[in-house]
Amino acid sequence: MRLLQVFVPADKRDAALEVLDDEGLDYVMTAERSARTDGDLVIFPVPTEAVDHVLTALREVGIEDDFIIVSSIETARTPRIEDLEERYVNGQAEDDSIAREEIRSRALNMTPGRLTYYAMTVLSALVATAGLLLDSPAIVVGSMVIAPQVSAALTGTVGLVLDDRSMVRDGLSSLVLGLVVAITSAFAFAWLVRFSGAIPSTIDITAIVQVQNRISPGLLALVVGVCAGAAGAFGLATAIPVSLVGVMIAVALIPAAAAVGIGLAWSHATVALGAAVLVAVNAASILLAGLAVFWYLGYRPDGWTRGTLRGNVSRDWIGTLAVVLVLGTVVVSGATVVLGHHVGFENDVNDEVRTVVDEEEYAALELVEVRTAFNDGGVVSDEAAVTVVVQRPADQPYPTLTETLERRLEERTDRDVVVSIEFVEGGTTADDGPGPSQ
């Protein structure tokens, strides 16, 4: 429920009150004499979903935005308030969208001070790095809860759709710098952990499950970023609480940023590159999906007239929007090509490994897992690393398996492949019948 206070000039009084009467609104007026003009302060409660509609109707009769206050209230008791609630909350005019003025305020109110924003970013990156190295999903989730990136992402997209260049600048710069700070913090912490002896410096970080999930992104990574951005926009632009949406956006960004730092600390370029691709595609997807949702919900720049595009588009606004759209499209398209190449390589590797293990010579083996390092297409390394985990009968060696897999994978993928085999000993216990009676 919202309480609106609108200053109505004396010469616009009749038209404004007619609008309120037509909408079935109960109001009170107090005479005001400001330095500029005489008029009335009209006060009336409305359902949250009706704010934008009512303000639009008032603007159409000449009420300017010189003095409009929209405040939140718990409840209101007026003669026709129940009819309004039935109409806008449950009836034909049902719509969760909030007014453009309110969405702007909500976005700005979500943004903490610079010190708080970057301090929370550092803390979330440290927690995420610890969670990845400890292979602890619970700790990684904890890092997402405290990450503040939702404010930057949504502020940038709201600024774009409302043509507020200061919001665009502040939101996008905070998002980019925040991710740089997260990666730098993760690198410093991971480097300290590695060389302080807290964990073995020779540990294979690609064998850690939580790290694996961030360094070998598939096409589903696009789905995560798009859904996070869309959910954030819906949460901010409607009466739905937005607090949980921040966790979703952090899911797409913070753990991947921490994985970049870990890859740099271990001087593992493939790990860092794979995680960096995931960060880039998720960040771009969040912004583009949020922009699309806001536009779909009907949010437009101030003064926008429906039905005409040329008269609404200013050179500054179209320039800013074009830059963001082009950069976002280039990042998403490029990342999609890279991810598609990696997924194709990964599928070929999985198919060929299964084919080899299914051969009669290796009939006693059972394939447990295939881990494929991010395929960078030769940008960082000419070799692709594949780790194959198989279960074998106890004490049965397979000295030619590695060589066979390398040869077959190189023929299948037309790339140099380095294969590592991890054997898991297996066995069964015979059922010798019941033991001796006592």
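Structure values in brief
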item: Odd one out for D302 among (1) at pLDDT below 70; (2) in a helix (DSSP H, G or I); (3) acidic (D, E); result: (2)
item: Residue identified as surrounded by 15 or more Cβ atoms within 10 Å (Cβ to Cβ) and over 23 Å from T238 (Cα atoms) among E32, E23; result: E32
item: R165 being among the basic types (K, R) and within 24 Å of the chain's Cα centre (by Cα); result: yes
item: Residue match in region 191-199 (condition: closer than 30 Å to W295 by Cβ and either open to solvent by less than 60 Å² (accessible area, probe 1.4 Å) or among the acidic types (D, E) (or both)); result: no
item: Hey, F67 among the aromatic types (F, W, Y), at pLDDT 80 or above and open to solvent by 70 Å² or more (accessible area, probe 1.4 Å) or not; result: yes
item: Subset of region 243-265 that is more than 17 Å from G131 (Cβ to Cβ) and buried (at least 21 other Cβ atoms within 10 Å of the Cβ) - its residue that is modelled with the highest pLDDT; result: L264
item: Selection count where residues are of a type in the set (V, I, T), modelled with pLDDT under 85 and out of contact with any strand residue (DSSP E or B) (no Cβ under 9 Å at 6 or more places or on another chain), scope region 97-144; result: 1
item: So V8, is it touching a Gly at 6+ places or on another chain (Cβ under 6 Å) and open to solvent by less than 70 Å² (accessible area, probe 1.4 Å); result: yes
item: Identity of the residue in region 200-209, modelled with pLDDT of 75 or more and open to solvent by 20 Å² or more (accessible area, probe 1.4 Å), that ends up nearest to the chain's Cα centre (by Cα); result: V209
item: Among (1) closer than 24 Å to T270 by Cα; (2) open to solvent by 50 Å² or more (accessible area, probe 1.4 Å); (3) in a strand (DSSP E or B) - the single one E410 does not satisfy; result: (3)
item: Criterion: buried (at least 23 other Cβ atoms within 10 Å of the Cβ) and touching a Pro at 6+ places or on another chain (Cβ under 9 Å) - qualifying residue of V168, V150, V158, V140; result: V140
item: Residue within region 313-326 that is open to solvent by 50 Å² or more (accessible area, probe 1.4 Å), assigned to a helix (DSSP H, G or I), out of contact with any helix residue (DSSP H, G or I) (no Cβ under 9 Å at 6 or more places or on another chain) and at pLDDT 70 or above present; result: yes
item: Number of the condition not met by R2 [criteria: (1) open to solvent by 10 Å² or more (accessible area, probe 1.4 Å); (2) touching a Lys or Arg at 6+ places or on another chain (Cβ under 8 Å); (3) not acidic (D, E)]; result: (2)
item: Cβ-Cβ under 8 Å pairs, at least 6 apart or on other chains, region 46-67 side free of Cβ contacts under 8 Å to residues at least 24 places away in the same chain, far side assigned to a loop (DSSP other than H, G, I, E, B) and among the charged types (D, E, K, R); result: R59/D65
item: Residues of region 266-278 classified as open to solvent by 10 Å² or more (accessible area, probe 1.4 Å) and among the β-branched types (V, I, T), total; result: 2
item: Qualifying positions in region 77-89 - assigned to a helix (DSSP H, G or I) and either out of contact with any helix residue (DSSP H, G or I) (no Cβ under 7 Å at 6 or more places or on another chain) or closer than 19 Å to V28 by Cα (or both); result: I81, E82, D83, L84, E85, E86, R87
item: Count of region 155-167 residues which are closer than 19 Å to L297 by Cα, in a helix (DSSP H, G or I) and either small (G, A, S) or modelled with pLDDT under 85 (or both); result: 5
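The values are calculated or read from the model by the stated rules, or taken from the named source; none is laboratory data. Quantities reported herein were computed from a predicted structural model and do not represent experimental measurements. No Cβ is skipped: glycine too gets one built from the backbone with ideal geometry, and neighbour counts run over all protein chains shown. The accessibility values were calculated without ligands, DNA or RNA, using every heavy atom of the protein model including side chains. Shrake-Rupley method; radii C 1.70, N 1.55, O 1.52, S 1.80 Å.
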